[in-house]
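Before any comments, here is the structure.
Any read-out appearing in this document is the output of simple, stated calculations on the displayed coordinates, not a laboratory observation. Remember, predicted model here, so these are calculated numbers, not experimental data. Counting neighbours? That spans all protein chains shown, and the Cβs are built from the backbone with ideal geometry, glycine included.
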Amino acid sequence: MKHKRNFTRIIIALLMAGALVGFGSQFATALKDSEIPMVPANFSELAENARPGVVNIRTVKTIKDSGRVFRHFFGNPFGGKNPFEDFFGPLPEGGSSGDLQQQGLGSGFIIDHEGYIVTNNHVIENADQIKVKLVNGKKFDAKVVGRDPKTDLALIKIEASSGLHPLKMGDSDELKVGSWVAAIGSPFGLEQTVTAGIVSAKGRTIGAGPYDDFIQTDASINPGNSGGPLISLRGEVVGINTAIIATGQGIGFAIPINMAKAIVSELKEKGRVTRGWLGVAIQEVTSQLAESFGLEEKKGALVAQVFKNGPAEKAGIEQGDIILEFDEKEIDDSRDLPRIVASTPVGKTVTIKVFRNGKALALQATLGEIEEKKETMGASPKKPLGITVQDITPEIAKALGLEDDTGVLVTRVEPGSPAAKAGIQRGDVIQEVNRESIKDGADFSRTIGEAKDQENILFLIRRGESNLFIAVTPK
């Protein structure tokens, strides 16, 4: 009987083992067939091939008449050597006045054998000197070919007859969340540093500019990495490392290389970027607005204003239209439209699908060229408040619960601007400026222009169901 029980246990054990083997075989087959990339053995080969194409960039900027700012620091009440000389160097002759030489640090990467290098605009902006150092230690003076502050991209050039190793451009559209990437640059001056991580997200908006569309990565990025490449496992550049969240860890942002390609090409050819202009002010389509306009789902860009004699007006686009498609590209979010329009060639005729009075219409528009003055409202050229507004349509007034359509709606507040510091927020309705009633955007621009030199500008705004006064101090 005992032997029979032991035999039974052996049979059950074998059956369980067989089941596990079968399951393991299926699991192994599933892994084999999966397209999910596994952890690479190492990044040595990638780093070896890519590092020669990455450069260190050092800049010198002159801050005029900085002596008045620093005189209290440089004066040493205790006598002896000035302790700040260890950081800033000795004072220029004359002691407490003169210009300050400010040094900057960044990265870049070579794109061809002619010596063209891509970096961030903020790395080289206003620089008096730009020095480029290659992986072999050779140093060159660089000149600025062109720059684009709105996307924080810049193109510089060095004169080198040999020793250049251009990096290959990849396709950031094909990049998947979870894909492995490597960042190469000079964090804190540590040249040719290689870090690795994954793509954490795509299409991030961080308030850096009007065309935000960042790749988020947890590959370690620090000050000095700016302008350096984000590289795929194929050894191709898929992004340009640009920004970090100062209080975060493992959160970095890179400009998609597909966005950069067209911009760099224009900078190389013309030294500047031309962008398509439609001539509308838009806003987000909220769930409430979608319901109010009879749209089945929350999508598209709501036209809040049509600029006179602009491409949109000539095409027949009207205030209150919801743009659903532009040049055969769907507009899922209002933020998509400015980026798509800007990347469309000037003079191109495109088809625009709009939603109006419950029906979809197809209109034809020929794009103009964007200009600075067409992009902003309510900002003085000398002392901008950092605020963008738009007119309030009857539909918007209804959705916001306003009694009428007077006033202007705040659609954007620049981080760190006077308006942001005062507490004005996106979605506020500005009803008065300096106790004068505001009817529309033109009225607002006029009033701000008249008040630009005042010490404080008084706003009456409506936020939700409450009214409050806010004083803004212009820069």
Task: Positive minus negative residues near GLN129 (Lys, Arg vs Asp, Glu; Cβ under 9 Å) - done: +1
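Over segment 276-372, calculate the relative contact order: mean separation of alpha carbon pairs under 8 Å at least 6 apart, over the residue count, as a percent.
RCO, segment 276-372: 32 percent.
Can you tell me how much longer the chain between THR351 and SER437 gets when fully stretched, taken as 0.36 nm per residue apart minus their C-alpha distance, in nm with one decimal? Can you show the working numbers first?
Details: separation 86, 0.36 × 86 = 30.96 nm, distance 3.93 nm.
Full extension from THR351 to SER437 adds 27.0 nm.
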Task: Surrounding net charge for SER200, when Lys and Arg each add one and Asp and Glu each subtract one, Cβ distance under 13 Å - done: +2
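Which FRET efficiency value, to the nearest 0.05, do you get for LYS452 and GLN102 by plugging their Cβ-Cβ distance into 1/(1 + (r/R0)^6) with R0 = 25 Å? Each step should come with its number before you reach the end.
Numbers: r = 29 Å, r/R0 = 1.17.
That gives a FRET efficiency of 0.30.
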- [ ] Select from GLY271, THR286, GLY239 the residue farthest towards the positive end of the dipole of segment 234-290; place +1 on Cβ of Lys and Arg, -1 on Cβ of Asp and Glu, and compute about the Cα centre.
- [x] GLY271
Open item on the list: Suppose every Lys and Arg Cβ carries +1 and every Asp and Glu Cβ carries -1, with no other charges. What dipole size does segment 276-372 come out with about its Cα centre, to the nearest 20 debye?
Closed with: 220
Task: Members of LYS314/LYS353; LYS139/LYS270; LYS202/LYS348; LYS202/LYS353 lying beyond 21 Å, as alpha-carbon distances in this model show - done: LYS139/LYS270; LYS202/LYS348; LYS202/LYS353
Open item on the list: Starting from 0.36 nm per residue, how many nanometres of slack lie between SER466 and LYS168 once their C-alpha separation is accounted for?
Closed with: 101.7 nm
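Considering only the other residues whose Cβ falls under 11 Å of the Cβ of VAL389, what net charge follows from Lys and Arg at +1 and Asp and Glu at -1?
-2
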TODO: Hey, can you grab everything whose amide H is under 5 Å from the amide H of GLY310? Only 5+ residues off in sequence or another chain; H modelled, so Pro and N-termini drop out.
DONE: none
Open item on the list: With just the Cα atoms defining each centre, how far is segment 420-443 from segment 287-349? Give it in Å.
Closed with: 25
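Calculated FRET efficiency, ALA201 and GLU330, Cβ-Cβ r, R0 22 Å, to nearest 0.05?
On the way: r = 20 Å, r/R0 = 0.92.
So the FRET efficiency works out to roughly 0.65.
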- [ ] Would you mind getting the Kirkwood hydrodynamic radius of segment 276-372 from its Cα pairs, rounded to one decimal in Å?
- [x] 13.1
TODO: Just rank SER186, SER334, fewest to most, by other beta-carbon atoms within 10 angstrom.
DONE: SER334, SER186
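Efficiency by 1/(1 + (r/R0)^6): what FRET value for LYS270 and ALA360, r their Cβ-Cβ distance, R0 = 35 Å, to the nearest 0.05?
After rounding to 0.05, the efficiency reads 0.40.
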TODO: Give, in nm to one decimal, the length gained when the segment between ASN136 and ARG234 is fully stretched (0.36 nm per residue of separation minus the Cα-Cα distance).
DONE: 32.9 nm
